[in-house]
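Undergrad: This structure is in C-alpha cells; I'll ask about it shortly.
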Amino acid sequence: MIDDKETIDNLSTLDPELIESFISEAKEHLNAIEDDFLNLEKQKDNPDRALMDKVFRAIHSVKGAAGFLDLGNMTGLAHVMETLLSRIRAGEIRPESEYIDALLAGVDLLTAMLDDIQHSNKVDITSVHGRLSYLLDHEPSTSPTIQKSSAEFAADHVKETSVLDKSGADFGSTVRIHVDILDNLMVQAGELVLVRNQHLLSMDDSDPVPRSVAHRLDLVTSELQETIISTRMQPIGKIFGKFPRIVRELGKKLGKQIEIAISGSESELDKTIIESLADPMTHIIRNCCGHGIETPEERVRAGKPKSGHIMLTAYHEAGRVNIEISDDGRGIDPEIIRKKVLEKALKTESELDLMSDKDILHLILLPGVTSADEASDVSGRGVGMDVVRTGIEKLGGSFDLESTVGEGTTIHLRLPLTLAIIPSLIVTSGGNMFAIPQISLVELLCLYDEDLKTKIECTDDQEVYRLRDRLLPMVRLSEVLARPMPFTREVRAEITEKYRKEQEAALQEYINAGGEKNGEIFSQSCNFAVVKAGNSRFGLIVDQIQGTEEIVVKPMHWAVKSLSIYSGATIMGSGKCALILDVEGIARHTGIMLDVLIDKDAEEIDRAAKDEDLQNALLFRYGAKEQFAMVLPLIRRIEPISMSDVELIDEREFITIDGTSTRVLRLDHALTVSPVVEREEMFLILPKHKRPVGLLISGIIDIEETPAQLNVESYMEDGLLGTNIIRDSMTLFIDIYRLVEIIEPEWFADQRMGLLSTAGLPPETAKQILLLEDDSFFRRLIRGYLEADGYKVTTAEDGRVGLDRLDESEFDLIVSDLEMPVMDGWDFLKHVRQGTHQQDIPAMALTSLDTDKDRKRAMECGFDHYEVKLDRERFLTTVAELLDLEKSKT
Amino acid sequence: MQAAKEEEAVEAQKLQFCTFRISGRRFGVDILDVKEINPEVDFTPIFHAPEEVKGYVNIRGQIYLLLDLRLILGFESKKVDKLSRIVLFKPEVGDPFGVLVDSIDDIETVDEDQIENRRKEDRELPEGVERRVFDIGGGVCKLEDELLIIANSRKLLNIISNLKAHSQESI
C-alpha cells in the first residue's frame, strides 16, 4: 500500500477542483445507494435488476475515480465491494442481511475516508475489508448461525449502531424539501410583497387601527420573505474555503510568498449562485497570484513586506452580496493595457485617447487582453477576465475593477441573492412585454440609418438580412401577433411589400424635407434578435429590447394551449403578466421553416453544435513549444518520477512503477514535436493500456473541459486524435493506443492486414457496423478506429436505441458495450437473438469488465466474441476476423 | 312522473347566486363556484386567442385566464371602466380563469324550482342572449322586477375551446 505522504504529494499535483468534484460525486453515489442496499435486502429472493445495476455502477464509479486519483485504500475497499456485488448480481449470492451489513459498513468507511481524503490511505480498512473478503471466500449461507460465527466483526457492529444513533438524532433538525416547493413559496412570498406595497400605498394614514394592522402586515411580510429566501441559502465559505489551498500551491509554484485573509465567509447566497460562482472566483484568485503579487525580491525593492497579501471579503449590502478581492501587488498599469489593446487592434488610438484610466482598465475584460508580459501556467492568456465577467453577468451580477500602479488591485463583485428559473430576454411589441428564453437566443442586433436600407433586402415574399455573408430570414413580431392564421406565401409577400414601401416612403420624405442638404441624419433604428429554431435561424424584429430578466415559467392555460407561438407565461417584476414566445412555434407559424431559405452552412454548424459533447482533458507539456492533451477516460493515473530512476536497456527506457518495469514513451519518438524539456522531476501518464507503458511529460497544466469534437483538418499526424484550441493555444490530442503501436510495432503482429477485405473497396460495399457505447468519448474513439479501417459505423448510446437502429437498417456486425443505462449489452443481445430480424448477426462485446463471470454471461447471451477495452490492434483484428468468418459462411 | 316527484323533494332547496350586470341585464353564477371578485382589470392580451379571451391577469402570483363575458353572451365588447370587475372561479371549476363583467351586483337567493331551464319560450331575452344562454348551460329566473339569467360556470371554458376548434376548421 502506498504510504500517506505519497498520496498527499500526488493529490496536490492534481487540480483541487478535480478532487473536490470527485469527493462530491462519490458522496452523492454513496448517499444514494444506502437506501438501495436496504431495499435489496427486503427483496432478497428476487432482487430488482435495475436497482442492482444502479448500486453496482455507483460503486464501480467510485472505484474508478479513486483509482485515477491513486487513493489505494478506497480503491481496494471499493473493489472488494464491487466483487461481492457482482456475485449478488449474478444471482450466486442472495442479498442476505450479513452481506448488506458488510456492504453498508463499507459505504460508511468510504464516506469517512472521503471526509478526510488527504489521510484516506492512513485509515485502517482491514476489518471491513477482511469482513467483505471473508464473505466472498466463504460459501453463502442463509442460516443465521453463520452470522454469529462472524463474531470477530462484532466491533464493527458496535460502531455501526453508534452511527445509526447519530443519524437518528439528525432527523430532528432537518427536513428534505423539494426545490419546487421552495420555488413556489418564493413566488407566493413575492406576491405578498406586492400586495403589501399596494396596501401601504392605498392606506389612509389618519386612522390608527388600520395603520397598525398595515404596519404589522408589513413586518410579517418582510420576515416571511426573508425566511423563505434563506431556505435556499448557503454560506459563501463553501467556495472561499478552498482558496487558501490554491494560494499556497500557486505561491509555491511561482516562488512567491502569498498570504490570504478571508472575512465574511458566513455571508449567504442562493445555492445556484454559489455553484456558478466557484469558477469565476478561482480565476480571479489565480490572477491575483499570477499577475498581482510580485516576487519577494521585487517586493523588497519596492519597499513592501516580503510576502504579498490577498484580502477576500464578502458582505451584504442593499439586498446584494458584495465580494471584494484585493491584493497589494503591482497593480495594473493602464499604459500596458493601452499597448496591448492597440497591438491587438481592438480599439483605435483616438478611441483610447477619449477614455479615462478607469475605462482603460476595464478593457482588460476584453478577450485576448492581459496585463502579463508572458503567459504562464497560472494565468496570462487573457481569457480569464473575460470568462469571469461573463460568468458574473450571467448570474445577474456586476463586476468592477480598481487598480493603482504599485499599490494593488481591487475587484468588486456585486451579486443578487437569489435566482429565478430561466434567464430570458424581455422585448416589447405594441406596448406588451414578451420574453424570449435565452436558450433560443443567438445574438442581438440593432440596425441604424443606412444599414436599414442596405442590409435588409427583400426576396419576393421575405425580408432577409445579410449577417456575416449568410442570409437570415426576418420576421416581424408585430405582424406575427396581428395574424392568428399561419402565414401563407401571399401573406408573407404582403408584409414584405408593406415594409418595403414604408421604408421607401420614409426615405422619400426625408429627401423631400431636404434633410440631406441640411446635414440632418436620416435616423431610424431597428432592433432584432437572432434566434434559433431547430436547425434554422431567423431574425425577430421587435419594437424595443428591454434587457434580460430571470423569469419563473408558468404553463399556458389549457384553453389557449394550442396557440403555437407561446411556450408559457410569466409574471414580471411590475406584477404584469408577460407571454413567453416559442421561437419554433413562430418559425412554423410564419412558414419560414418550410422554405429553402435555411442555408446549408448554418444547418451544418448547428448540427455540430448539437452534437458537441464536452469531455475532460488533461493538459500537459512535453517540449518547449506544444501544448498536449489527453482525455481523462484514457488515463489510469499520473505518477511523479525522477529521471535518475529511468534505466536505459537496449536504447529503450524503463522505470519501475508498482514493481513493474514500465516502458517510458517519448512523444518526439513518434511525432514531429519538440524534444522534451528534461528536468529531474518529471511525470509519467499511465494510460489505460494492457501493456505497462507510461508517457513521459514535463508538466501538468490543468484539467479543462473541451468539446469532444476535434479538428482533424488543419493539422494531423499519425498518433494524434486531432487538435483543438484550448486556452488560446493549439492543443494536440494524443491517441495513446496508436502511439504505442508506432513506438513498439513488434508488439503487434501484422495479422490484421491480411483480413482487411474491406479496405479500399468503394463505400457502398463497405461493411456496416452497429456500435453501442454509452460513453461519448469511447463512442467517438472506437468509431474513429473502425472508420479508419474502412467500415461504415452507426452508433447508439444504449441497447434500446441499438434495437431501433437495427430495425432501421441492415448491419454486418454488432460491437457492444455491456454496462449501459436504459438497456445494457446483455439484454440488448438477448433481444437481438430472440428477434426475427437479423438475429444471426455476429456480435462482439467490448467492455471494461474483465472477469470470467462477465465473459461467460456475455457468451450465454449470444455474443460471439469478448474483448476488453481497449487494445486497438486486437480489437480491429477481431472485427476483421468476425466479418471474414461471416463472409465465408455465406 | 319520476321527474316531477324529484322536483317536489327538493322544492325547499334554496340556491345562492353571485349576480352581476352586463349591458344592463342581470346575470348570475352559482356562488359556490366563485372564489373571489377582484377589481384588478390590468390584463395582458394573448394574441391569436379567440376574441372572447381577454388575456392573462395576475392575481397574487397566480395567472388567470380572463374571458370577456360580453362577447360570450353575444354583446359588443366594451372598454373596462371604474365599475368593471372580474369574477374568479374556484380551482375545481377548471384551470384558473375568471370573467370580466360590467359591474357586480347583490347575492340573490332563489328557490331552485323558480329557475326555468327553458330556452325558446322566453321571448323576453334579446336575440343574441337567447342564442347563447343554452350554450352556457343557463337557466332563467324571474325576480320581482327583472329576469336573472344564470350561467353554468363550468361550461364557460368549453365555449372557448369549442370556438377554437371552430376557427381551426374554417382554415
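Undergrad: Scan the stretch A:212-244 residue by residue and report those that are over 26 Å from A:Met186 (Cβ atoms) and surrounded by 14 or more Cβ atoms within 10 Å (Cβ to Cβ).
TA: A:Lys242, A:Phe243, A:Pro244 - these are the residues of the stretch A:212-244 that are over 26 Å from A:Met186 (Cβ atoms) and surrounded by 14 or more Cβ atoms within 10 Å (Cβ to Cβ).
Undergrad: Just checking, how many residues over the stretch A:106-119 are surrounded by 19 or more Cβ atoms within 10 Å (Cβ to Cβ) and either within 18 Å of A:Asp48 (Cα to Cα) or out of contact with any Leu (no Cβ under 8 Å at 6 or more places or on another chain) (or both)?
TA: Of the residues in that region, 0 qualify.
Undergrad: Right, something else. Taking into account only those residues within the stretch A:449-475 that are in contact with a strand residue (DSSP E or B) (Cβ under 6 Å, 6 or more places away or on another chain) and surrounded by fewer than 16 Cβ atoms within 10 Å (Cβ to Cβ), which is modelled with the highest pLDDT?
TA: Checked the stretch A:449-475; the qualifying residue modelled with the highest pLDDT is A:Glu457.
Undergrad: Please enumerate the residues belonging to the stretch A:688-747 that are assigned to a strand (DSSP E or B) and charged (D, E, K, R).
TA: Result: A:Asp702, A:Glu704, A:Glu705.
Undergrad: Is there a residue being over 24 Å from A:Thr570 (Cα atoms), within 13 Å of chain A (Cβ to nearest Cβ) and not in a strand (DSSP E or B) anywhere in the stretch B:73-86?
TA: no
Undergrad: Looking only at the stretch A:553-568, count every residue that is touching an Asp or Glu at 6+ places or on another chain (Cβ under 6 Å) and either more than 7 Å from chain B (Cβ to nearest Cβ) or in a helix (DSSP H, G or I) (or both) and tell me the total.
TA: 3
Undergrad: Something else about it: Identify all residues within the stretch A:768-802 that are of a type in the set (Gly, Ala, Ser) and touching a helix residue (DSSP H, G or I) at 6+ places or on another chain (Cβ under 9 Å); write none if there are none.
TA: Correct list: A:Ala788, A:Gly790, A:Ala796, A:Gly799, A:Gly802.
Undergrad: Return the residue satisfying two criteria in turn: it lies in the stretch B:41-87 and is over 20 Å from the mean Cα position of the chain (by Cα) and hydrophobic (A, V, I, L, M, F, W, C), and of such residues it is farthest from A:Ala578 (Cα to Cα).
TA: Per the stated criteria, the residue is B:Phe47.
Undergrad: I'd like the full set of residues that are farther than 18 Å from B:Arg21 by Cα and either of a type in the set (S, T, N, Q) or more than 9 Å from chain A (Cβ to nearest Cβ) (or both), limited to the stretch B:55-71.
TA: B:Asn58, B:Gln62
Undergrad: Please find, among A:Arg652, A:Arg637, A:Arg621, the residue that is among the basic types (Lys, Arg), modelled with pLDDT under 85 and farther than 22 Å from A:Pro745 by Cβ.
TA: The match here is A:Arg637.
Undergrad: Also, quick follow-up: Only one of these is in contact with a helix residue (DSSP H, G or I) (Cβ under 6 Å, 6 or more places away or on another chain), among the small types (Gly, Ala, Ser), more than 21 Å from A:Pro687 (Cα to Cα) and surrounded by fewer than 23 Cβ atoms within 10 Å (Cβ to Cβ): A:Ala90, A:Ala50. Name it.
TA: Checking each option against the conditions leaves just A:Ala90.
Undergrad: Which condition number does B:Glu52 fail, the rest of (1) within 23 Å of B:Ile107 (Cβ to Cβ); (2) surrounded by 15 or more Cβ atoms within 10 Å (Cβ to Cβ) being met?
TA: It fails just one condition, (1).
Undergrad: Here's something else I'd like to know. Please work out which one of (1) at pLDDT 90 or above; (2) in contact with a Lys or Arg (Cβ under 6 Å, 6 or more places away or on another chain) is the condition B:Tyr56 fails and give its number.
TA: B:Tyr56 satisfies all of (1) at pLDDT 90 or above; (2) in contact with a Lys or Arg (Cβ under 6 Å, 6 or more places away or on another chain) except (2).
Undergrad: Still on this structure, I have one more. Quickly run through the stretch A:476-503 and pick out the residues that are buried (at least 16 other Cβ atoms within 10 Å of the Cβ), away from chain B (no Cβ under 14 Å) and closer than 30 Å to B:Gly55 by Cβ.
TA: Selection gives A:Arg492, A:Ile495, A:Thr496, A:Tyr499.
Undergrad: Test of understanding: among A:Asp180, A:Asp205, which residue is at pLDDT 75 or above, loosely packed, with under 14 Cβ neighbours inside 10 Å and either assigned to a helix (DSSP H, G or I) or more than 14 Å from chain B (Cβ to nearest Cβ) (or both)?
TA: Only one candidate passes the filter, namely A:Asp180.
Undergrad: Here's a follow-up. If a residue has to be at the interface with another protein chain (Cβ under 10 Å from one of its Cβ atoms) and more than 23 Å from A:Gly575 (Cα to Cα) to count, how many in the stretch B:30-47 make the cut?
TA: Here the count works out to 0.
The values are calculated or read from the model by the stated rules, or taken from the named source; none is laboratory data. Since the model is a prediction, treat every value here as computed from it, not as a measurement. Because the Cβ atoms are built from the backbone with ideal geometry, glycine has one as well, and the counts that use them run over all protein chains shown.
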